[in-house]
């Protein structure tokens, strides 16, 4: 099979889309298929046996890491010379729209894939008047293809509601030989913590923290407090679900003496502080204000936030978190990224605009429970109460921050729940390999090729 891929986004940019495309090219090579990729200039001639043809572009004013890429006449010539069996448009906007015209001109079968919720991003960046036009534009481009692939069932539902047609799921995978709990590094954790020391709580602050922790009768549906203690978490092998025992009164009480002893141990051993980790683009469309607000309300003698990634909101986030312990690592990849995941304790992922959430799957493969929102993409990966905790989305910003903080606290103060959810997350991630994820896409290629009439030369 000869596959031509036209994409607005590729390496060296690091995100879920570029990672998926890299794995696709590797899979096609392993299966003996040939590929041509037309996209932004990557500085490379080839990747995984595929020829890369690049072009220049102009950065989006509100999203500088994405570009308006210009379609070159060379692209049409290379498409014609390559003579693909199928053309695949990836997140088509400008380059993809031109690719659509070229594919039609060359009479080539066409599929597309939807990765980025650009319509939602319009609102996040203050261009809400462009939200509906962006939906209309995206719908028009994708509906020209024989099939549109998207990464999760919730994204399928969202696109159906917007009038997208011929939808198929193209799932994602994770390399569990790279992302795995065994990479946990005490040295890395210490390096994050040594540079940041938080003030110790006095007794009044401790009592305030204790009272706040147990003030709410219900932290979340399925996660409740009973008579001043978190109900016991148990893993039911018969139903394969993590549940919170109703009315249980047999577990250890988290009384003042227990918490004082725990706080003392944390103060004496700073490396025992819990690491809350976020991995992804550092930009406000990732709903990072929620993470900032929730983290500022936590007890910082017991936790430390690590932000992996970069983006336009980094400088402002550093200012907002200047008086609390936090580490900004910048972009990480390969072993360094895998080590960061495995060396954390809780994955805090507040985004509500994901179509999948590759970072969530990598965190789960590293044995981390996830604290996120009940939103598209994330809810397809995280089973609430089993592999993490998902908070309902709320209109009130303060209520959302308080509720999200309570979920973080619930896992921070319950080692057993963290361990069980981490184990369940790892088991779930191990069921999602990259080769298996690529099979539905390639089957879709075959289906479209077989059902597309071969043009008769005049």
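Inspect segment 116-123 for any residue being at pLDDT below 90, assigned to a loop (DSSP other than H, G, I, E, B) and over 16 Å from residue 353 (Cβ atoms) and give the result as yes or no. No - not one qualifying residue is present in segment 116-123.
Regarding residue 394, is this residue within 23 Å of residue 308 (Cβ to Cβ) and either surrounded by fewer than 22 Cβ atoms within 10 Å (Cβ to Cβ) or modelled with pLDDT under 95 (or both)? Considered against the rule, which asks whether it is within 23 Å of residue 308 (Cβ to Cβ) and either surrounded by fewer than 22 Cβ atoms within 10 Å (Cβ to Cβ) or modelled with pLDDT under 95 (or both), residue 394 comes out as no. Condition first: at pLDDT 50 or above, within 15 Å of residue 312 (Cα to Cα) and part of a helix (DSSP H, G or I). Can you find one or more residues in segment 260-282 that meet it? No, segment 260-282 has no match at all. For segment 25-50, residues that are surrounded by fewer than 16 Cβ atoms within 10 Å (Cβ to Cβ) and under 19 Å from residue 96 (Cβ atoms) total 1.
Scanning segment 28-42 for residues being out of contact with any strand residue (DSSP E or B) (no Cβ under 8 Å at 6 or more places or on another chain) and either touching a residue at least 12 places away in the same chain (Cβ under 8 Å) or assigned to a helix (DSSP H, G or I) (or both) gives a total of 2.
Which one is nearest to the chain's Cα centre (by Cα) among residues in segment 66-78 that are assigned to a helix (DSSP H, G or I) and within 17 Å of residue 94 (Cβ to Cβ)? Top of the filtered list is 75.
Against the conditions (1) in contact (Cβ under 8 Å) with a residue 24 or more places away in the chain; (2) within 23 Å of the chain's Cα centre (by Cα), residue 131 satisfies every one except (1).
Restricting attention to segment 93-115, the residues that are within 28 Å of the chain's Cα centre (by Cα) and either over 19 Å from residue 20 (Cβ atoms) or outside any helix (DSSP H, G or I) (or both) add up to 9. Can residue 446 be described as farther than 20 Å from residue 152 by Cα and outside the structural domain of residue 295 (by TED's automatic domain parsing)? So residue 446 fits the description; yes. When each of 73, 153 is tested for being assigned by TED's automatic domain parsing to the domain that holds residue 19, closer than 21 Å to residue 19 by Cβ and surrounded by fewer than 16 Cβ atoms within 10 Å (Cβ to Cβ), the lone residue that passes is 153.
The values are calculated or read from the model by the stated rules, or taken from the named source; none is laboratory data. Since we're looking at a predicted model, the values are computed, not measured. Note that each Cβ is placed from the backbone with ideal geometry, even for glycine, and that neighbours are counted across all protein chains shown.
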